[in-house]
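The structure appears right after this line, and notes come after that.
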Amino acid sequence: MIISVCKKGVQAINYFARKKDGRINKMKALKLIYFADRYHLRKYGRPVVGDTYWAMKLGPVGSNSLDVANLSENSLGQNCLKYAREYLTRPKEDIKLEEIISKKEVLLEVFSESDIEALENAYKEFGDKDQFELAKTAHEYPEWSKFKKEIIDEGKKRMRMDYIDFFKNPRKSNSNIFDVPEDHLDTTKEIYLENKEVANILN
């Protein structure tokens with residue numbers, strides 16, 4: 001069964017919000033999803049959520065997950081918005097808090113065992129850091145750093161990222177969570193490309 005990007009995005013945010021006090025900073029949630037996607041793609045050949053990623057000043061951002069986090073009436077379809085509102089809300093006391101609040105338990109059945117592994121490992125590795133620390137960490141990875149000149153020096157708002165760049169290794173990193181043997185990385189890269197080709201044919 002194929003689970004929609006919407007449902008996985010909603011439940012991934014919900015998963016991280018439930019990890020502490022039932023609420024989480026919006027940018028932190030989006031960065032944790034990115035790290036989980038990066039982990040799963042490199043280890044298993046596909047991302048967890050499967051969002052469209054954009055390189056922005058404060059790191060990678062999944063567009064659908066951002067719309068979900070914002071509970072955006074203008075960007076989300078009615079079915080996705082209804083689903084998101086079933087699980088998530090924003091603080092009524094001050095919308096500027098940029099927090100997301102979980103309303104109910106995570107629906108884990110939308111995830112595979114390896115998805116949950118990726119979410120859990122992303123939180124274990126990065127969950128104690130705030131959103132700005134996570135943005136700085138995200139800047140280490142090639143899929144974002146290739147756009148550093150355009151974003152930082154030229155002031156472009158966003159640049160479309162390609163999952164194929166997630167398979168590249170950074171020059172240096174303070175984390176080894178994404179380390180996999182090169183032969184394994186070659187295999188998962190092939191799996192990703194094959195699945196992408198099939199998806200393009202079906203679409």
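Values quoted throughout were computed directly from the atomic coordinates according to the rules given, and no laboratory measurement underlies them. Bear in mind the structure is a predicted one, so any value in this text is a computation, not a measurement. Glycine also receives a Cβ, built like all others from the backbone with ideal geometry; neighbour counts cover every protein chain displayed.
One table, with the values for the structure above:
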| read-out | value |
| --- | --- |
| Simple spin-label estimate for N79 and K172 in nanometres, 7 Å along Cα-Cβ | 4.9 nm |
| Centroid-to-centroid separation of the stretch 136-203 and the stretch 100-114 [C-alpha atoms, Å] | 26 Å |
| Environment charge of Y163, counting only residues whose C-beta is closer than 14 Å and scoring Lys/Arg +1, Asp/Glu -1 | +1 |
| Option label - Cα extents along the principal axes in Å computed here, alternatives (1) 45, 37, 31; (2) 48, 42, 32; (3) 88, 32, 27 | (2) |
| Rounded FRET efficiency, nearest 0.05, which uses the C-beta distance separating D183 from K92 and R0 of 45 Å | 0.30 |
| Value of relative contact order over the stretch 5-95, rounded to a whole percent, pairs C-alpha under 8 Å and six or more apart | 32 percent |
| Most positive-pole-ward Cα, L119, F35, A55, against dipole of the chain from beta carbon charges | A55 |
| Filtered GluC sites (Glu not before Pro), the stretch 144-197: DSSP coil and at most 12 other beta carbons within 10 Å | E154 |
| Linear extension gain, I116 paired with K20, 0.36 nm per residue minus alpha-carbon span | 32.9 nm |
| Order by protection proxy (mean Cβ within 10 Å, highest first), peptides 183-189, 99-105 | 99-105, 183-189 |
| Trypsin sites (Lys or Arg not before Pro) lying in DSSP loop within the stretch 1-91, provided at most 14 other Cβ fall within 10 Å | K20, K57 |
| At R0 = 30 Å, FRET efficiency that the Cβ-Cβ distance of D153 and E133 yields, to 0.05 | 0.85 |
| Listed pairs K8/K172; K146/K172; K82/K124 exceeding 20 Å between Cα atoms | K8/K172; K82/K124 |
| Estimated 222 nm signal from helices in the chain, with DSSP H stretches of n ≥ 4 weighted -39500 (n - 2.57), rounded to 500 | -15000 deg cm²/dmol |
| Full-extension gain in nm, S72 to T52, via 0.36 nm per residue minus C-alpha separation | 5.6 nm |
